[in-house]
1. Look through the stretch 321-339, keep the residues that are within 14 Å of the chain's Cα centre (by Cα) and of a type in the set (A, V, I, L, M, F, W, C), and return whichever of them is surrounded by the most Cβ atoms within 10 Å (Cβ to Cβ).
2. In the stretch 160-211, what residues are more than 16 Å from the ligand (Cβ to nearest atom) and more than 26 Å from residue 224 (Cα to Cα)?
3. For the stretch 113-128, give me the residue count where each residue is closer than 18 Å to residue 307 by Cα and buried (at least 19 other Cβ atoms within 10 Å of the Cβ).
4. Please determine whether any residue of the stretch 354-372 is within 16 Å of the ligand (Cβ to nearest atom), closer than 26 Å to residue 16 by Cβ and out of contact with any Phe, Trp or Tyr (no Cβ under 6 Å at 6 or more places or on another chain).
5. Among (1) within 16 Å of the ligand (Cβ to nearest atom); (2) under 27 Å from residue 117 (Cα atoms), there is one condition residue 300 misses while meeting the rest; what is its number?
6. So which of 99, 141 is in a loop (DSSP other than H, G, I, E, B), modelled with pLDDT of 95 or more and in contact with a Lys or Arg (Cβ under 9 Å, 6 or more places away or on another chain)?
7. List pairs: first residue in the stretch 283-307 and closer than 13 Å to residue 271 by Cα, second residue of a type in the set (Val, Ile, Thr) and more than 16 Å from the ligand (Cβ to nearest atom) anywhere in the structure, Cβ distance under 6 angstrom, at least six positions apart or on different chains.
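The values are calculated or read from the model by the stated rules, or taken from the named source; none is laboratory data. Note that the structure is a prediction, hence the values are computed from the model and not measured. Neighbour counts run over all protein chains shown; Cβ positions are idealised from the backbone, glycine included.
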Amino acid sequence: MTRAFTIKDVRVYTMAASAKAGTYFKPGVSNHWLVDSLIANPMSGYPKYREKRSSWGIGVLGALVVEIETEDGVVGVATGSGGAPAAWMIRHHFARFLVGQDARNLNMIWDQLYRSSLPYGRKGLPIMAISAVDLALWDLVGKVRGEPVYNLIGGLSRDEITFYCTGPSAAAVKAMGFWGAKVPLPCSHFDGEAGLRANVAFLTAERDSVGPDFPLMVDCYMSLTVPYAIRLAEACKPLNIYWWEEVLSPDDPEGYRQIKQAHPTLKWTTGEHEYSRYGFRTLIEDRTLDIVQPDVMWVGGLTELLKIAAHAAAYDLPVVPHGSGPYSYQFIASQTGAAFCEYVAASPDGRTIQPVFGDLFVGEQLPQNGKLKLSDAPGFGMTLADRGMLVAVD
Ligand SMILES: [Mg+2]
């Protein structure tokens, strides 16, 4: 073990209230399409919480930032989800497995974090916390070696990656130069027949706004049931929907079997709210999905994403991570599978390109005209812009 890779310190932060930075859902942000527009969601059945996802606290946890420093003073940094509770876990539980350890021992560190949190973990917050630590470690190893992360995980499989964009308006996405648009479904099964008609009308208008051939996808954010999804997909067959995403709760993986049986020629995707390679085992082996979409900032970090990708590769099943900015771009650039990434429109109206992580980093690369060539900056290519945005967690 050399000093160059020996971990000396682990620091964890939440975001200051004034910071215009974080992940998808930033606490206190209002008038943003992601949280304040009508989007079908698991709380759609409650009138009080139906209109805006901010109303039931979608962003309540906020973001965190992890810094891991070596004996030589090199710092790896990553942001993640889970806010103060995840930050507390890292500080008071996971740090013991990091300080004094060689940062290159990513597999063993991951395994220790996972196994030591099994009594309270496996999914959700603890795996989000592990994800942030893991990404900070990859960033650190890249920065010590002076190499971008993609060179640590197999090198480049393509010079350029292409993007589809998730936003409130397919026409705006097309105008920004993306190859396809994913729009959120407005109504759920709780809205009954009128909601079904409203969904078809909304998607018809979105289809008309981009013409018949532009790929149009629909994000259903865990909001539907099996019978409703089958009916909705049937009603929308003339609209040539390119894929239907996350129609069911992640607790109903077998529901996707019934949906695929009903509509075998349509594409079905899910995975952003599933955790670890164990969570993806059934999703991959069932062969009922057309793309799996782990979120590298939630699923267990890059170490776990690579294991999921290896499993999926044996089934020729594309892995296209959910959101996650450069953490996903580095993965996609290195893989021989799907050559495209998601960009979640980060601007309040979803009509312009803004950094996924707001003002948090210097160096976050952005798609231009729906494309991106990754730089060779070390690690994930990002450094903190302003430490004034951070609140240390003790
Ligand atoms: Mg989604």
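1. Step one: filter the stretch 321-339 for residues within 14 Å of the chain's Cα centre (by Cα), giving 321-332.
Among the residues that remain, those that are also of a type in the set (A, V, I, L, M, F, W, C) are: 331-332.
Working: 331: 26, 332: 24.
Applying the filter and picking the extreme gives 331.
2. Correct list: 160, 161, 162, 172, 174, 175, 176, 177, 179, 211.
3. 4
4. Taking the stretch 354-372 as the starting set, the residues that turn out to be within 16 Å of the ligand (Cβ to nearest atom) are 356.
Subset that is closer than 26 Å to residue 16 by Cβ: 356.
From the residues that got through so far, the ones that are out of contact with any Phe, Trp or Tyr (no Cβ under 6 Å at 6 or more places or on another chain) too are 356.
Yes, that holds for at least one residue.
5. For residue 300, the exception is condition (1).
6. Numbers: 141 fails: in a loop (DSSP other than H, G, I, E, B).
Answer to the selection: 99.
7. From the stretch 283-307, the pairs are 294/308; 300/127; 300/130.
To keep it simple, each residue is scored yes or no on (1) buried (at least 17 other Cβ atoms within 10 Å of the Cβ); (2) in contact (Cβ under 8 Å) with a residue 24 or more places away in the chain; (3) touching a strand residue (DSSP E or B) at 6+ places or on another chain (Cβ under 8 Å); (4) not assigned by TED's automatic domain parsing to the domain that holds residue 380.
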position: 20; (1), (2), (3), (4): no, yes, yes, yes
position: 43; (1), (2), (3), (4): yes, no, no, yes
position: 64; (1), (2), (3), (4): yes, yes, yes, yes
position: 103; (1), (2), (3), (4): yes, yes, yes, yes
